[in-house]
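The values are calculated or read from the model by the stated rules, or taken from the named source; none is laboratory data. Here the structure is a predicted model, which means the values were calculated and not measured. As a convention, Cβ positions derive from the backbone with ideal geometry for all residues, glycine included, and neighbour counts pool all protein chains shown. Quick note on the areas: whole protein, heavy atoms, side chains included, nothing else; ligands and nucleic acids left out. Shrake-Rupley method; radii C 1.70, N 1.55, O 1.52, S 1.80 Å.
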Amino acid sequence: MIPALIIWLFKKYGRPFFKKYNFSFNRFVVPVRSASVTVLFVAISSMALAQEQTLNYNVLHSGQTVGHLKLQQRKEGDDTFLNVASDVKMRFIFSINVNIREDSHYHDGKLVCSHVSRMVNGKQKANKITKANGETYQLSDDGKISSINQKQISNNLTAMYLKEPVGLSQIYSDNFQQFVQVKQTDSHTYRIDLPDGNYNFYTYTNGVCSKVDIHHSLYTIQIQLT
């Protein structure tokens, strides 16, 4: 709209000036039009190549909001980047502040790398990395190196926020660095049993996770889409 207006104003008021002093109008306007088309093309291409989605959740304990969780997905061609950041403050006998950050990078549907970092009251309690390494995945747990004999990981727990796990029987846990079972318990509701004996329920609305019920041995937490 703005480039077209500039050209119209130039035709109306600038052409007489150029004619008076023997300047070529076409030599000036054509580059302007070309530049406008180029800028528009670059803008459209950037929008097509990079797509972003953000989901915001409230974290509740006993009906009270005790924190927030934010999930961001960015797509660039064949690459997908997922980021989850949560901040939870609760009080039992003493106050506890938990900050969790999870990052995942997929390329053409395959998990390339993921990182889980958990801080409790300012101290790091977890630092875990899963990284594709040929026909296997290399695992790092606070610097301790191991591997999992898996050629491709296509879904992890972070991705469960964005897509209902229809037809999946297992999914990768970046925190426990192993696969966990997915069991459908109701329409659009799935149960994940974790290796430490705790379990979660994921509920979906229109294909997106709208609620997570976390059942821990010490507490129960709900994560609700805002």
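Worth pointing out:
- Using a Förster distance of 25 Å, the FRET efficiency for residue 85-residue 142 (Cβ separation, nearest 0.05): 0.80
- Rolling a 1.4 Å probe over the protein chains gives residue 196 an accessible area of about 90 Å².
- For the pair residue 193 and residue 176, label points projected 7 Å from Cα toward Cβ lie 1.0 nm apart.
- Qualifying aspartates and glutamates (Cα of each under 15 Å from Cα of residue 183; at least 8 residues distant if same chain): 164, 193, 213
- R0 of 35 Å, Cβ-Cβ distance residue 184-residue 120: FRET efficiency to nearest 0.05: 0.60
- With 10 Å bins from 0: P(r) over segment 83-226, alpha-carbon pairs, percent: 10, 38, 37, 13, 1
- Gap separating the Cα centres of segment 60-119 and segment 149-191, nearest whole Å: 16
- Remark on segment 137-184: hydrodynamic radius 11.7 angstrom, per the Kirkwood mean of 1/r across alpha carbon pairs.
- Computed FRET value (nearest 0.05) for residue 65 with residue 151, which takes r as the C-beta separation and R₀ as 45 Å: 0.60
- Relative contact order of segment 110-218, defined on C-alpha pairs under 8 angstrom at six or more residues apart (%): 16
- Of 89/211; 75/131; 89/125; 75/125; 75/163, pairs whose Cα-Cα distance is over 21 Å: 75/125
- Residue-level accessible surface for residue 129, protein heavy atoms, 1.4 Å, Å²: 60
- Based on protein heavy atoms only, segment 154-226 ends up with 49 Å² per residue of surface accessible to a 1.4 Å probe.
- Model label zone, residue 56; criterion: amide N under 16 Å from point 7 Å along Cα-to-beta-carbon; scope segment 191-225: 224-225
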